[in-house]
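Since the structure comes first, as structure tokens, the remarks are kept for the end.
The values are calculated or read from the model by the stated rules, or taken from the named source; none is laboratory data. Just so we're clear, the structure is a prediction, and the values are computed from it rather than from any experiment. When we count neighbours, we look across all protein chains shown, and the Cβ atoms used for this are built from the backbone with ideal geometry, even at glycine.
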Amino acid sequence: MMFIIIGITLCLPSAGYLIVENVRQISTKIQHEAEISIFLKKDISQDQIDFIDSALRSSSEIKKIHFEPKLTAWEKLQSKLKLSTLDIGISENPLPDGFFITLNTLSNTKIKKLTEDLKLISGVDNIVVDGSWIKKLRAIIYMVKIGLFSLGTLLVIVLIVIISNTIRLQTLTYQNEILVSKLIGATNSFIHRPFIYTGLIYGLGGGIITVGTLKSIVFTFNNMAEKYEYILGNSITLVGLSAVNYTIIVLLAMTIGLFSSFFAARQSIKKLEKSY
Amino acid sequence: MIKFDRVFKKYPGEMDALQDISLEILSGELVFVTGPSGAGKSTLLKLISAVEKPTNGSIIFENTNLSELRNKDMPFLRRKFGMIFQDHKLLYDRNCFENVVLPLEINDINPADSARRVRAALNKVGLLNKEKMNPITLSGGEQQRLAIARAIVSRPLILIADEPTGNLDKSYADEIMNIFYSFQQVGVTVIISCHELPQSPIKFKQIHLIKGQISNSDKHVPLLS
Ligand SMILES: Nc1ncnc2c1ncn2[C@@H]1O[C@H](COP(=O)(O)OP(=O)(O)O)[C@@H](O)[C@H]1O
Ligand SMILES: [Mg+2]
């Protein structure tokens, strides 16, 4: 019973963590690149454009450079909006020439430095850093992680309360045994020992159930994903946590069991002695 | 071995259970603590075995002042005593063997030696054939003997028994007393409380208590009879 309570309780945050880890891993696999749009001044000359182009090519942070003349951009926009120049009464192209570059870094400081350097080049009018959705996703993952951590902390507290209470009841069951043992010379550690073992076993059992549940979630999910692959188009696989993480879960459960049983037993036995 | 110097004991909210007790118990002595009910016999035994602490005065046990004893040293002191409580304090969710083995578990004796010593102790009190039985099924005299077996199994220096013959028939009482006498004869200090002085074939010391005070004619040096 206790195993299941601990197992399921620890499952909630760790399953959340498992999913977040998977999303994070997918997010790193998907193109991790930031994009910058450099819009040029309207009255720019071809020489200046060529100069900027060569300047960009010399930067090591830049992976891909795409130049889009204002005319192409204008035509694209028009066809997208299915408009003709006449319809909106604009005869002049309002769009500037632009470089669209892809960076090979996501580091904020590097991007900042690059944009500042670019701004200094004459002919550059405006720079827009593409707020990459990957970055947003990462921020969300980060927040979800914090949420999970808080949830986990709360649930650990709940577990501590449940285990402590169980151990306390057990000390009451063994009240006579404890008092008699004390009278004939048992040390506190001798008296605490069986309760601490109980707490450790609770933690071990609960931890193993958590790990088992997580593994079966992964297994079931992947089985299902495989079955529905033809609907989904491609298969999504959930990757289980690492052995280290699984070990940490079991050790954490055992630590919770150990500490809550130790403090509960100590507290309760002190009280017993006073009432005696 | 044990020396009381002007010891007072007062339980919270009660009158003094013991007043101005000074006495000395020597190693290997047989001591009877006598007196009517409520005179403070149990309290005196609890002070000797450091189950209770005195409110005032000093109790010296083998050069250790019990009031100055640190809590963490207490268990090791208690192990020197074999205690037989007035209400036995047997554990009724364990069988006889398991009751007697408890002090050896506490002393971390290995199981093989323990088993041998438990059987020797049970044999000594005539309960060897009942080791698997639950103490609740034993008669009053047998429970008393089981409590004695538990007290002697750890080879204590001092045996302390609180009214061990209190509600036993005379023939059973004599049997119990003989067990104590046999231990005194091999050098164990034996301290027994009882309402009335029993017939003793051996030399003993009496501490007679009335209303928490020693009523032997000389308060500081209990009479030797
Ligand atoms: N734990 C206790 N708390 C309060 N009063 C106690 C306690 N134990 C004994 N007393 C009181 O101390 C006095 C002596 O008791 P006790 O030592 O048990 O006497 P005896 O063993 O001679 O019958 C009695 O008045 C009793 O009510
Ligand atoms: Mg008494």
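Looking at B:ALA161, B:ALA151, B:ALA115 in this structure, which one is within 16 Å of ligand 1 (Cβ to nearest atom), in contact with a helix residue (DSSP H, G or I) (Cβ under 9 Å, 6 or more places away or on another chain) and modelled with pLDDT of 95 or more?
So the residue among B:ALA161, B:ALA151, B:ALA115 that is within 16 Å of ligand 1 (Cβ to nearest atom), in contact with a helix residue (DSSP H, G or I) (Cβ under 9 Å, 6 or more places away or on another chain) and modelled with pLDDT of 95 or more is B:ALA161.
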**Request:** Would you be able to say whether some residue in the stretch A:166-175 is hydrophobic (A, V, I, L, M, F, W, C), more than 25 Å from B:MET83 (Cβ to Cβ) and surrounded by fewer than 17 Cβ atoms within 10 Å (Cβ to Cβ)?
**Result:** yes
**Asked** Residue check, B:ARG78 against (1) within 14 Å of the chain's Cα centre (by Cα); (2) over 25 Å from A:ALA186 (Cβ atoms), all met but one. Which one?
**Response** (2)
**Asked** Going through the stretch A:37-62 one residue at a time, which ones are closer than 12 Å to A:ILE121 by Cβ, in contact (Cβ under 8 Å) with a residue 60 or more places away in the chain and surrounded by fewer than 17 Cβ atoms within 10 Å (Cβ to Cβ)?
**Response** A:LYS41, A:ILE49, A:PHE51, A:ALA55
**Prompt:** Which residues, counting only those in the stretch A:121-141, are part of a helix (DSSP H, G or I) and either basic (Lys, Arg) or at pLDDT 85 or above (or both)?
**Reply:** A:LYS135, A:LYS136, A:ARG138
**Residue within the stretch B:92-110 that is within 11 Å of chain A (Cβ to nearest Cβ), in a loop (DSSP other than H, G, I, E, B) and within 22 Å of B:PHE8 (Cα to Cα) present** = no
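If a residue has to be among the small types (Gly, Ala, Ser), loosely packed, with under 15 Cβ neighbours inside 10 Å and farther than 22 Å from B:PRO164 by Cβ to count, how many in the stretch B:89-130 make the cut?
The number of residues fulfilling the criteria is 1.
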**Message:** Return the pair list, or none, for Cβ contacts closer than 9 Å from residues in the stretch B:176-203 that are within 17 Å of B:ASP162 (Cβ to Cβ) to residues that are within 16 Å of ligand 2 (Cβ to nearest atom) and among the aromatic types (Phe, Trp, Tyr), at least 6 apart or on different chains.
**Reply:** B:ILE191/B:PHE32; B:ILE192/B:PHE32; B:SER193/B:PHE32; B:CYS194/B:PHE32; B:LEU197/B:PHE32; B:PRO198/B:PHE32
**Message:** Condition first: in contact (Cβ under 8 Å) with a residue 40 or more places away in the chain, acidic (Asp, Glu) and farther than 26 Å from B:LEU146 by Cβ. Can you find one or more residues in the stretch B:57-66 that meet it?
**Reply:** yes
**Tally of residues being closer than 14 Å to A:ALA264 by Cα and either in contact with a Pro (Cβ under 9 Å, 6 or more places away or on another chain) or outside the structural domain of A:ILE6 (by TED's automatic domain parsing) (or both) across the stretch A:175-198** = 1
**Request:** Take the residues in the stretch B:131-176 that are within 16 Å of ligand 2 (Cβ to nearest atom) and hydrophobic (A, V, I, L, M, F, W, C), then tell me which one is surrounded by the fewest Cβ atoms within 10 Å (Cβ to Cβ).
**Result:** B:LEU168
**Item:** Only listed residue being touching a strand residue (DSSP E or B) at 6+ places or on another chain (Cβ under 8 Å), more than 14 Å from every other protein chain (Cβ to nearest Cβ) and surrounded by 19 or more Cβ atoms within 10 Å (Cβ to Cβ), chosen from B:ILE84, B:ILE60, B:ILE48, B:ILE21
**Value:** B:ILE21
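Of all helices (runs of 4 or more DSSP H) completely enclosed by the stretch A:158-272, which ones contain at least 1 residues that are closer than 22 Å to B:ARG94 by Cβ?
Once the helices (runs of 4 or more DSSP H) in the stretch A:158-272 are filtered for at least 1 residues that are closer than 22 Å to B:ARG94 by Cβ, what remains is A:175-183, A:188-227.
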**Request:** Out of B:PRO36, B:PRO54, report the one residue that is more than 14 Å from chain A (Cβ to nearest Cβ), touching a helix residue (DSSP H, G or I) at 6+ places or on another chain (Cβ under 7 Å), within 16 Å of ligand 1 (Cβ to nearest atom) and not aliphatic (A, V, I, L, M).
**Result:** B:PRO54
**Request:** Among residues belonging to the stretch B:198-214 that are more than 16 Å from ligand 2 (Cβ to nearest atom) and surrounded by fewer than 16 Cβ atoms within 10 Å (Cβ to Cβ), point out the one that is nearest to B:GLN144 (Cα to Cα).
**Result:** B:GLN199
**Item:** Candidate set from the stretch B:177-197 (those that are closer than 22 Å to B:ALA149 by Cα and more than 14 Å from the chain's Cα centre (by Cα)); member that is surrounded by the fewest Cβ atoms within 10 Å (Cβ to Cβ)
**Value:** B:VAL186
